[in-house]
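Where a number appears in this text, it was derived from the coordinates with a stated rule and is not lab data. Keep in mind it's a predicted model, so treat the numbers as computed, not measured. Counting neighbours? That spans all protein chains shown, and the Cβs are built from the backbone with ideal geometry, glycine included.
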Amino acid sequence: MSVTPILAVKDLKKHFDARKGLFGEKTTVKAVDGVSFNVMPQESFAVVGESGCGKTTLGKLVLALEKSSEGTVHFDGQDISKMNGAALKKMRREMQVIFQDPYSSLNPRMTVSDIITEPWVIHDMYRNHAERAQKLAKLLDDCGIAKSYLPRHPHEFSGGQRQRVGIARALALDPKLVVADEPVSALDVSIQAQILNLLKDLQKERKLAYLFISHDFSVVRHLCTRIAVMYLGRIVETADSETLFNDPQHPYTEALLSAVPVPDPSIEKRRKRILLTGDVPSPLKPPPGCRFHPRCRYMRDACRTHDQALIEAKSGHEAACEVLPFKDARSAAALVAL
């Protein structure tokens, strides 16, 4: 695998102007506040966190669907945060998106054939009828879509079938990077497994890189090789999948992992759940110091004032917790068999 990232995000910020109340003072929502990470070619990189932490905004910034306030996004060596017009349109052939909701992300007035082939029309590709038919047949076969579906409309399908159509549309341009924004959260559990297996097979066959956005650790563990945990607009921990599950280095990650269910009832009974106190702070007014300190059971006085950046806890494993007091005190029973 190449050592050059296919996607390099550096100090990325997105701040929105807001107002407290109808006639209140102007303030700023720091939806994404200084995020940095790399995604290597053919890698599955996950961003995990609670609703409202800035995951979807981050995905939009990567795709240049939102303009960043600060920072850079380099895709395949080029800074797309400064691109526009024809240059950006050309770059978008290499990076596509799978949306969360298969019910609202497909045009109800278009047939499946029109939906899948629309990217070819936009980018003026495959004018030759025979070549177009060959490409379409391969795409349908790869995504498990029957040819008989082509003249039908999205309302005639289940959620899983619609998501397959959405995946086929995303892959129509043979991208190098796919941003998958909660692509299975709206589906039944049995269908989720089918779609995740499909994504794994497509990645292997087409040599794709994934930026996978999710709130579900059990989903990302099945698909992703590296995971970044996001809290209130910032990444608080990043490591390879197995390391993160076996030895979390941030109390927020530890709490999230303790809530992941285990299918074995005897193990589940012995596990210790970590219940976070309080609510997620408002991004309109994040707490001073460490943003997680109001909910952290290991909080010390320095956490109230010291704004902690990511530091390397171990080789290839970074966490935004300088003291790490929980490491020795942590109960191993909380994480057993994850």
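Considering every alpha-carbon pair of the stretch 105-173, the percent of pairs per 5 Å bin, from zero through the bin containing the longest distance, is 3, 18, 33, 27, 14, 5, 0. Choose one answer from PRO183, PRO108, PRO154: the residue with the largest mean-square fluctuation in a GNM of the chain with alpha-carbon springs under 10 Å. Of the options given, PRO108 has the highest mean-square fluctuation. Bridges between two residues of the chain, per DSSP, are antiparallel at a rate of about 60%. Packing around the peptides 242-252, 79-89, 193-203, taken as the average count of other Cβ atoms within 10 Å per residue, puts them in this order, highest first: 242-252, 193-203, 79-89. Put simply, the amide H of ILE235, placed in the peptide plane, has neighbours under 5 Å in SER36, leaving out anything fewer than 5 places away on its chain.
Overall form of the stretch 134-229: oblate. Here a/c, set by the Cα gyration tensor axes a ≥ b ≥ c, is 1.5 or more, and a/b is not larger than b/c. Sorted from longest to shortest, the spans of the Cα atoms of the stretch 168-287 along the three principal axes equal 46, 42, 27 Å.
Classify the stretch 272-319 as rounded, prolate or oblate, taking a ≥ b ≥ c as the square roots of the eigenvalues of its Cα gyration tensor: rounded when a/c is under 1.5, otherwise prolate if a/b is larger than b/c and oblate if not. Oblate. Derived scalar couplings between HN and Hα for the stretch 192-207 equal 3, 4, 4, 5, 5, 5, 4, 4, 5, 5, 5, 4, 5, 6, 9, 6 Hz in order, rounded to whole Hz, by the Karplus curve 6.51 cos²θ - 1.76 cosθ + 1.60 (θ = phi - 60°), x for Gly and Pro. The orientation-averaged shadow of the Cα convex hull for the stretch 1-95, equal to a quarter of the hull surface, comes to 7.4 nm².
Annotation: Cα Rg of the chain relative to the compact-globule expectation 2.2 N^0.38 Å equals 1.06. Of all the options ALA137, ALA228, ALA255, the one that moves most in a Gaussian network model of the chain with Cα springs shorter than 10 angstrom is ALA137.
Which parts of the stretch 140-164 would a label at THR111 reach, counting a residue when its backbone N lies under 13 Å from a point 7 Å out along Cα-to-Cβ? 147-154, by backbone N distance to the label point.
In this label model, THR305 and ASN128 are separated by 7.1 nm, measuring between points 7 Å along each Cα→Cβ vector.
Full extension of the chain segment joining THR4 with ALA146 gains 47.3 nm, where the gain is 0.36 nm per residue of separation less the Cα-Cα distance. Rounded to the nearest 10 degrees, the angle from helix 159-171 to the longest Cα principal axis of the chain is 80 degrees.
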